[in-house]
Amino acid sequence: MARPLSLLERLGGNKEEKKPTPERPRLTKPEVKHHTPTPQQTYTEKQLQQEREAHVEASSFAGRRALTSKSDVIQELKLAVHRRIVDEMTPEEQQILMRGEEARDQIKNIISVYSNREMAEGTYTLSRGERNQLVDDISNELLGLGPLESLLQNDSITEIMVNGPKQIFIEQKGKLKLTDVHFYDNAHLMNIIERILTPLGRRVDESSPLVDARLADGSRVNIIIPPLSLVGPTVTIRKFSKKALSIQDLVNFGTLSEDMGFFLDACVKARLNILVSGGTGSGKTTTLNVLSSFIPETDRIVTIEDAAELRLQQTHVVTLESRPPNLEGHGAITIRDLVKNALRMRPDRIIVGEVRAGEALDMLQAMNTGHDGSLTTAHANTPRDVLSRLETMVLMAGMELPVRAVRTQVSSAIDLILQQSRIRDGSRKITYITEVQGMEGDTIILQDLFRYVQDRIDERGKSIGHFESMGLMPNFMDKFQMNGIDLPKSFFTSGRGF
């Protein structure tokens, strides 16, 4: 695993290694040493080197040219403060910087001192608010993810979409908005990307231009860079709530009703195999997290994900994460490999973050061979569609199986399907809770137990609707009785709205 960069390395130097340089006139253009990349260097390294050279040359003329905007002035000042910190930092300050996030307040004080020195010697005029923002920005560059830090700290933002250095969108209350936050250039954005990936031992370059990762809080990150992305490095961050959501939170959000929550609690405790289905951004992982909270503390749980996002509250949890191939293209560990291995780990429950390919076959076999109560998610638009997708994913495992055999596996493994959708107004709803009853001929029989009915769209564009019971008794009531779950038959009264 690659060693994370220290704060001093992020600044661009080390106090012990840096030799004092004579003061040079501000208006003298320094010689720019051009670097010829070796064939072994990656696309990313070449791009960064070129942009650094251009940046040094441009910065040397900062005293001559009239800056066109306030942001240019602040950016020039940031660079000057960075250089001053590296040049003049004392050993005591170096020790404080090495402590990182835990010494943020002290580091901000140090940055403030150097900022004031630079402004006193230069011709910069900033208001008190702009000075405070300058110190915060430099602190975020050293300790966090730079311009993204303020967006990550805003709890009302659920998704951050970086389309190149100059365009950053957010999702807030279900709506997309363009922000005024931006990176200085591609090199600046790539530096933040490397900061995300280095602690995880993952990489992104010309040979591997896309990668899935996660932040320290479990937020999901997808990164794709040129030449695949034509707008520059692109980063998508799916944020998660700082506190684990409960079923009552979902009820308060209007995702489901209290009766549906009570029913799902009973289903998890009765060890039903549950599949959460939905489109991108519909809230499948959030719902999976809530469902996992119903698992008894006494069960041994194994979670399997591409990038670890689930945050289970139980004590006995083993978290497994897949691994991409190395530089030589070897050493990849897939979700399917982890599912196979999990069967040897004596799990009571297996939770797969998402099935996308051949691992669906191993997951279904686990559900059919004594690992009841397993949970997983898949992308689909309806409960019927997700069964078709499961069939396709099973065939992707490379096994020459008859379609009927695959459907038999699916119908006997899955007990319940939760269909989650993102409504037009941006809200998330569990639109169907559907039972898988079994096979009739070559067809899998489904039975809706609960559903969301949209009545109208109000003048503000908000969806107005209600949840209702379909009045049908599920076939797995005997599993409730076997596990001591008392669910009254009146619970499934036809047309019961809530």
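The values are calculated or read from the model by the stated rules, or taken from the named source; none is laboratory data. Nothing here was measured: the structure is a model prediction, and the numbers come from that model. Cβ placement follows ideal geometry from the backbone for every residue including glycine, while neighbour counts extend to all protein chains displayed.
Observations
- Residue count for region 349-400, restricted to those that are modelled with pLDDT of 90 or more and either outside the structural domain of residue 413 (by TED's automatic domain parsing) or not aliphatic (A, V, I, L, M) (or both): 15
- Within region 210-224, none of the residues are assigned to a loop (DSSP other than H, G, I, E, B), surrounded by 17 or more Cβ atoms within 10 Å (Cβ to Cβ) and touching a Gly at 6+ places or on another chain (Cβ under 6 Å).
- Scanning region 235-249 for residues that are out of contact with any Gly (no Cβ under 7 Å at 6 or more places or on another chain) and buried (at least 18 other Cβ atoms within 10 Å of the Cβ) yields a count of 5.
- Within the set 41, 47, the sole residue that is over 24 Å from residue 145 (Cβ atoms) and either modelled with pLDDT under 75 or exposed (fewer than 13 other Cβ atoms within 10 Å of the Cβ) (or both) turns out to be 41.
- Among residues of region 133-144 that are assigned by TED's automatic domain parsing to the domain that holds residue 77, those with a Cβ under 7 angstrom from a residue that is not in a helix (DSSP H, G or I), sequence gap 6+ or separate chain, pair up as 134/126.
- Once region 221-242 is narrowed to residues that are closer than 30 Å to residue 313 by Cβ and touching a helix residue (DSSP H, G or I) at 6+ places or on another chain (Cβ under 9 Å), the residue that is modelled with the lowest pLDDT is 241.
- Boolean, residue 254 is farther than 23 Å from residue 330 by Cα and either surrounded by fewer than 19 Cβ atoms within 10 Å (Cβ to Cβ) or assigned by TED's automatic domain parsing to the domain that holds residue 452 (or both): yes
- Residue count, region 234-276 (criterion: part of a loop (DSSP other than H, G, I, E, B) and either within 30 Å of residue 197 (Cβ to Cβ) or hydrophobic (A, V, I, L, M, F, W, C) (or both)): 10
- Counting the residues of region 462-481 that are closer than 16 Å to residue 429 by Cα and in a loop (DSSP other than H, G, I, E, B) gives 1.
- Residue list for region 166-177, filter: closer than 15 Å to residue 241 by Cα and more than 17 Å from the chain's Cα centre (by Cα): 173
- Which numbered condition residue 328 misses (of (1) crowded, with 18+ Cβ neighbours inside 10 Å; (2) farther than 24 Å from residue 269 by Cβ): (1)
- Per-region count, region 331-377, residues over 24 Å from residue 395 (Cβ atoms), surrounded by fewer than 17 Cβ atoms within 10 Å (Cβ to Cβ) and out of contact with any Pro (no Cβ under 7 Å at 6 or more places or on another chain): 4
- Residue satisfying condition, being more than 18 Å from residue 268 (Cα to Cα), in a helix (DSSP H, G or I) and of a type in the set (Ser, Thr, Tyr), within set 412, 490: 490
- Check on residue 482, hydrophobic (A, V, I, L, M, F, W, C), more than 34 Å from the chain's Cα centre (by Cα) and loosely packed, with under 13 Cβ neighbours inside 10 Å: yes
- Among the criteria (1) of a type outside the set (Asp, Glu); (2) crowded, with 19+ Cβ neighbours inside 10 Å; (3) not assigned by TED's automatic domain parsing to the domain that holds residue 474, the one residue 284 does not fulfil is (3).
Matching residues to (1) within 21 Å of residue 282 (Cβ to Cβ); (2) in the same structural domain as residue 253 (by TED's automatic domain parsing); (3) modelled with pLDDT of 85 or more:
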position: 408; (1), (2), (3): no, yes, yes
position: 411; (1), (2), (3): no, yes, yes
position: 419; (1), (2), (3): yes, yes, yes
position: 425; (1), (2), (3): yes, yes, no
position: 446; (1), (2), (3): yes, yes, yes
position: 487; (1), (2), (3): no, yes, no
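- Among (1) crowded, with 18+ Cβ neighbours inside 10 Å; (2) assigned by TED's automatic domain parsing to the domain that holds residue 417; (3) of a type in the set (Lys, Arg); (4) farther than 27 Å from residue 389 by Cβ - the single one residue 269 does not satisfy: (1)
- The number of residues in region 448-461 that are free of Cβ contacts under 8 Å to residues at least 12 places away in the same chain and either part of a strand (DSSP E or B) or not assigned by TED's automatic domain parsing to the domain that holds residue 260 (or both) comes to 2.
- All told, residue 298 falls short of being surrounded by fewer than 21 Cβ atoms within 10 Å (Cβ to Cβ), at pLDDT 90 or above and within 21 Å of residue 284 (Cα to Cα).
- Scope region 277-306; condition in contact (Cβ under 8 Å) with a residue 60 or more places away in the chain, in a loop (DSSP other than H, G, I, E, B) and of a type in the set (A, V, I, L, M, F, W, C); matching residues: 295
- Residue selection: residue 420 fails the criterion of being within 27 Å of residue 374 (Cβ to Cβ), part of a strand (DSSP E or B) and in contact with an Asp or Glu (Cβ under 6 Å, 6 or more places away or on another chain).
- Condition check for residue 192: outside the structural domain of residue 204 (by TED's automatic domain parsing), hydrophobic (A, V, I, L, M, F, W, C) and part of a helix (DSSP H, G or I): no
This table checks each residue for (1) surrounded by fewer than 16 Cβ atoms within 10 Å (Cβ to Cβ); (2) within 14 Å of residue 233 (Cα to Cα); (3) more than 15 Å from the chain's Cα centre (by Cα); (4) without any contact (Cβ under 8 Å) to a residue 12 or more places away in the chain.
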position	(1), (2), (3), (4)
147	no, no, yes, no
150	no, no, yes, no
159	no, no, no, no
164	no, yes, yes, no
179	no, no, yes, no
182	no, yes, yes, no
186	no, yes, yes, no
189	no, yes, yes, no
200	no, no, no, no
